[in-house]
Amino acid sequence: MPAPAAAAAAAAIPAHSFKLIPTALFPRPLLRRLRFATTAAAASVPSFEDAPPPPPQQEARSASYFPKKNQTLELECESLAYKGKGVCKVSGTGFVVLCDRALPGERFVGRVTRRKGNYAEVTKLRTISPHRDVVDAPCEYASYCGGCKTQNLLYEAQVRAKEQQVRELIIHVGKFPDNDPEFPAMMKPIVPCDIQFHYRNKMEFSFGSQRWLPRELFEEDRDDTENHALGLHAPGFFDKVLNVNKCLLQSDPANKVLAAVQDCWRDSQLGLSPYDVHSHAGFLKHLMLRTGRDIETGQLEVMVNFVTSSYKPELLKPLVEKITSFPEVVSVVNNVNTSVGNTSAGEEEYTLHGKSTITETLRGLTFQISANSFFQTNTWQAEVLYKLIEECAGLRGDGSEIVLDLFCGTGTIGLTLARRVRHVYGYEVVAQAISDARVNAKLNGITNATFIQGDLNKIDANFGSNFPKPDIVISDPNRPGMHLKLIKFLLKLKAQRIIYVSCNPATCARDLEYLCHGVREQNIEGCYKLKSVQPVDMFPHTPHIECVCLLELC
C-alpha cells in the first residue's frame, strides 16, 4: 500500500476491455440517485437509498442546472463518497457537487473549481457550521496533509461512512439488489481497526527543493533560507513538499529517526541537497522508514532507506552515524535511482549499516522484508484480514485443497494457508515479489508452494496448463481490478470458491457483477453466487477500504 499522500491521490481506473465505470470516485448510478434527490431529502440528510423520487418539475430543473466555474455556493455535506470526498447538493436543484475535506452535516461556502460530466467539484472556502461528529485532530498537519483526510471525524463515523460506501457500490455498480432477502446476511458490517494511530509499518517521505505552506501560514512562517523540505507531497502538487517533523501513523522509533534526519540534513556543511524535479539536480530523493519486529525478542526494529540520485556514501555518512545511535535502527540501505521519475525503487541497492532486511510475523509465519518488497502496511489489521480470508476458504481440514493465489505479491496470503492445503500456486508480475515469496516459503519451511512470475493482465489460452484445477482461487488485484481476460478464465475454470480481496470497492463491485451476472455485451455468462462481502478498515483516518468477498460456484 502507498504512503498517505500518494495513497490519497485519486487513481483513474483504466478501461482495458471493460464496461466503463464513469469515475472511480463516484459511480454514475449513485450519482443519478443523489442528483435527483428532493430538497426536503437533502435538508434531512438521509441515506442515499432512502431518498424519495423527485417530482417531475424538480428533475427537469436539476437536469438543466449547472453552476459556473468560480461561482460560490452555500452547501451542506450529506455523506462521504468513495475516496473521501464530501457529497453535497445545490439547494433547490438537487445538483451534486463533490468537495474535498467536507464532512457529513457540515455547512460551508465553497467555490466551483471544476465541471466534470454531470457533477462539479468545489473547494471549501469557510465553514458555517461544523459536521455533526467533529473531534479535534491530534496531528498538526491533518488540515493540510493529503493522507489523514478524516482525522477530525469521529472514528465510529468514519467506519459507518466506509461501510455505507461499500454497500452503495455493491448495490449500484455490482447490481446486487438490497431488497433481496439474502442481502442483509451477505453484506457484513465493517470490521473496525482497534489501533487507529501508529499502525503503519512503512512510510515514505520526499525531499523537496520547494517547501509548501498553507495560505494562512505563508506570511508568518515564510523564510526564504528554509525553502527545502522533507515530508509529504502537498495535495495536488508533484513538486511541492509539506515539511513534516512527526507522523502519527508510523511507529515512535520511526518518528525518532525522522526527527533526527530533519535536525541535520539542511546543514550546509554536510553538502546535502534535495532533488529538484524540474532541473533534475540534487542528491536526496526520498526517506523510507520501515518498522518490523525482532523474532526472538519481539522488539521493534527499523529499516532506514535513503533514496538518492547517485551513489555517494560519504555524503550520507553523517546521517547514518546520527540515526544508528538509536538501538531500533538495525538496517540502513541506500537505493540509487538515477531516473527522473518519482519512484523510490532504485536500480542499485547498498547496505550502509546492519542487515539488508528486517523481519515481521503474520499468522504464525516469519517474513523477511527488504527495502522494496511489498508487505501489508498495517500488520495488526493484516492479522484480522488474513483470518477472514482463511474463514472464507472453508478448508476441509484434510489438506487436500489446491489453492490458486492470483496477484500473490510476496506470497503472504498463500503461505498462511499452505500448511493446511495440498499445494499453493502463486502468480505475480513483479519479479522481486516472486523472489521474496520464494525466500519466505524457504524461511518458514514450506515446500508445497510454487510461485511464478507472470502478467495476469496478459494471459493467453495456455494459462492454467501448468497447474491442476484449484478448489479455491484467491484474487487480490491492485486498484484497477481484474482484466476481462482473467475474468473469462475464471468463469471457464469454475473453481468451487473464489475469495476476492480488494483495496478498491468500485472495481471490486464491477468484477463481482461480471463473475456473478456475466457481461451481456460480450455474451459472457456468470456462474457464481456472491455469499458475503466483508469490509475491513485497514487504514483509519484515510478514505481507503479493504473488502473480502466470497463467491461460490452456482
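The values are calculated or read from the model by the stated rules, or taken from the named source; none is laboratory data. None of these values were measured; they are calculated from a predicted model. Counting neighbours? That spans all protein chains shown, and the Cβs are built from the backbone with ideal geometry, glycine included. Keep in mind that these areas ignore ligands, DNA and RNA; they rest on the heavy atoms of the full protein, side chains included. Shrake-Rupley method; radii C 1.70, N 1.55, O 1.52, S 1.80 Å.
Computed over segment 251-397, the alpha-carbon pair-distance distribution with 10 angstrom bins reads 10, 37, 30, 15, 6, 2, 0, each value a whole percent. Here's the picture: charge each Lys and Arg Cβ at +1 and each Asp and Glu Cβ at -1 in the chain, and of Ala120, Ser400, Trp212 the one pushed furthest to the positive end of that dipole is Ala120. Full extension of the chain between Thr123 and Ile459 yields a length gain of 116.6 nm, computed as 0.36 nm times the residue separation minus the alpha carbon distance. Nonpolar atom fraction for the chain, defined as the carbon and sulfur part of the 1.4 Å probe accessible area, stands at 50 percent.
Beta bridges per DSSP, both residues in the chain: antiparallel share near 70 percent.
Taking 0.36 nm per intervening residue step and subtracting the Cα-Cα distance, what contour gain separates Gln269 from Ser91 on full extension?
Length gained, Gln269 through Ser91: 58.2 nm.
By Kyte-Doolittle mean hydropathy of at least -1.0 and Cα axial length of at least 20 Å, which whole DSSP H helices of the chain are selected?
Details: long enough: 155-172 (26 Å, -0.76); 379-393 (21 Å, 0.11).
Helices meeting the span and hydropathy rule in the chain are 155-172, 379-393.
How would you classify segment 174-285 from its alpha-carbon gyration tensor, with a ≥ b ≥ c the square roots of the eigenvalues: rounded for a/c under 1.5, else prolate if a/b is greater than b/c, otherwise oblate? Prolate, because a/c is 1.5 or more and a/b exceeds b/c. Per-residue surface analysis assigns Asp194 an accessible area of about 120 Å², computed on protein heavy atoms at 1.4 Å probe radius.
Evaluate the relative contact order of segment 314-435 (contact order divided by residue number), counting alpha-carbon pairs under 8 angstrom at least 6 apart; express in whole percent.
16 percent.
A 1.4 Å probe run over segment 141-276, with the rest of the protein chains in place, finds 46 Å² accessible per residue. Taken per residue, the accessible surface of segment 332-455 reaches 39 Å², heavy atoms only and a 1.4 Å probe. Between the beta carbons of Glu525 and Ser310, assuming R0 = 51 Å, the FRET efficiency works out to 0.35 to the nearest 0.05. Compactness of segment 333-404, taken as the C-alpha radius of gyration over 2.2 N^0.38 Å, stands at 1.57. Can you tell me how segment 414-529 classifies by the Cα gyration tensor, rounded, prolate or oblate, using a/c under 1.5 as the rounded cut? Prolate shape, in that a/c is at least 1.5 and a/b is the bigger ratio.
Based on the alpha-carbon gyration tensor of segment 504-554 and its eigenvalue square roots a ≥ b ≥ c, which shape applies: rounded if a/c is under 1.5, prolate if not and a/b is larger than b/c, or oblate? Please list the in-between numbers first.
Details: a/c = 6.16, a/b = 2.00, b/c = 3.09.
Note, shape of segment 504-554 comes out oblate.
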